Amino acid sequence: MLLFIAFWLLVSLIAFWILLEPVTKVLHTLWEIIIQIYDKKPVDLRTKFGEWAVVTGSTDGIGKAYAKELAIRNMNLILISRNLEKLKSTKQEILLINPKIEIKVIAADFTEGENAFLKIRPQLQDISIGILVNNVGKQYEYPMYVGEVPEMELWDIINVNVGATTLMTRLVIGQMQERRRGAIVNVSSGSEFQPLPLMTVYAATKAYVKNFSDALRAEYSRYGITIHHLSPLFVNTKMNAFSHRLQISSVFVPDATTYARNAIAILGKMDSSTGYWAHSIQKFITLMPPVWFRTRIGQMINENLRQEYFQQKEQKKLL
């Protein structure tokens, strides 16, 4: 009798541990949705974290929109991107929003790896950085099999998505630790939720960003540093230009401004989120099936997007 009871206790314990992680993920996602919809009280970012914010990949898409939202909140900005002319243009756009803030620009190409930081490091060393937004990212031109992706493009994806996030964090985290305040915002992707065929390397780099963020939070949260991890799904930016459907804004495919406005509203309130309530609903549904099923569905979606890209290409040739 005791052996029978012990056996079923063991079975129950194993079942509990198996179910704990997926149930926890689902409950966390539900909490994301609730916070993003109902907690509208703004955080004073300048007071909480510091006066200066650095945004990488700041001349397009989410990065540019996020920089504008920081400007609205009176944060001084350091904009980093590879194109100096676009940086100057973005600076002028943002100054029209808030002419009272200071804005510095740094032209650096993160595909150059260490050489990019030779340009960045001396320009940041005397500035107390309150917020770092690791937004810069690189994706495939369109969904491809790994053997089709040009070798240089793979190096660029790894250098930008992994290298830039890691080394920019290391560059500023020491001073944040000394001041015992600051925030690092790591922009990942919903592609991190499972392996993603036809976006294999891109998704793998975003899984790195998630694990990096979680471990970094464990190391540095005791120093008052916020590690904020974002995993957006599809956003209407030129990064998704391979699909005309993803260039049409909707509730579930927001434009960059809508996404950034929602994402910045939860900085200082949640450690990890999609950054946008409708994406969190999608995440809730996505995480319900097992990983193998999600991987297969992701592959089917990317195969469909791949065919759409080739069809668009053929149509352009005919025009």
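Excluding residues fewer than 8 places away in the same chain, name every one of the aspartates and glutamates whose C-alpha is closer than 13 Å to that of K316.
In chain and number order, the partners are E308.
Under a cut-off of 16 Å between alpha-carbon atoms, report the lysines in cross-link reach of K41, not counting same-chain residues fewer than 8 places apart.
Excluding near neighbours in sequence, the set is K269.
Would you mind pulling out the separation of the Cα centroids of segment 189-251 and segment 172-187, in Å?
After rounding, the separation between the Cα centres reads 20 Å.
Just the Cα atoms of segment 157-201, one point each, no solvent: what log10 I(q)/I(0) does Debye give at q = 0.20, 0.24 Å⁻¹?
One equal scatterer on each Cα of segment 157-201 leads to -0.75, -0.90.
5 Å is the cut-off here: which amide hydrogens, built 1.01 Å from N in the peptide plane, fall below it relative to L77, excluding neighbours closer than 5 in sequence?
Residues meeting the criterion, in which the H sits 1.01 Å from N, are A53, E102, I103, K104.
Give me the percent of Cα-Cα pairs in segment 40-318 that sit more than 34 Å apart, rounded to a whole number.
Here the long-distance tail beyond 34 Å is 16 percent of all Cα pairs in segment 40-318.
Which helices count as membrane-span-like in the chain under these terms: full DSSP H, at least 18 Å along the axis by C-alpha, Kyte-Doolittle mean of -0.5 or more?
2-38, 84-97, 165-179, 200-220
Which of E93, E148 has the fewest other C-beta atoms within 10 Å, and how do the rest follow up to the most?
The order, fewest Cβ neighbours first, is E148, E93.
Of all beta bridges DSSP finds with both residues in segment 40-318, what is the antiparallel percent, to the nearest 5?
About 0 percent, rounded to the nearest 5.
Considering amide H positions built from the backbone, and no H for Pro or chain starts, which residues 5 or more places from V133, or on another chain, come under 5 Å of its amide H?
Those lying under 5 Å, H to H, from V133 are V54, V55, T56, V185.
So what is the relative contact order for the chain, in percent, with contacts set as C-alpha pairs under 8 Å and at least six apart?
Dividing the mean separation by the residue count of the chain yields 19 percent.
At 20 °C and a viscosity of 1.002 mPa s, what translational diffusion coefficient does Stokes-Einstein give for segment 205-310, taking Rh as the Kirkwood radius over Cα pairs? Give it in µm²/s as a whole number.
138
Under 19 Å between alpha carbons, and skipping anything fewer than 8 positions from K68 in its own chain: which aspartates and glutamates qualify?
Within reach: D44, E51, D60, E85, E93, E102, D255.
Could you please rank L167, L84, placing first whichever residue has the fewest other Cβ atoms within 10 Å of its Cβ?
Taking fewest neighbouring Cβ atoms as first place, the list is L84, L167.
Amide H to amide H under 5 Å from D255: which residues, 5+ apart in sequence or cross-chain, H placed 1.01 Å off N in plane?
Under 5 Å from the amide H of D255: N236, S250.
Throughout, read-outs are computed from the coordinates displayed, never taken from laboratory work. Note that the coordinates shown come from a computational prediction; the quantities given were computed from them, not determined experimentally. Positions of Cβ are generated from backbone atoms using ideal geometry, with glycine treated the same way; all protein chains shown enter the neighbour counts.
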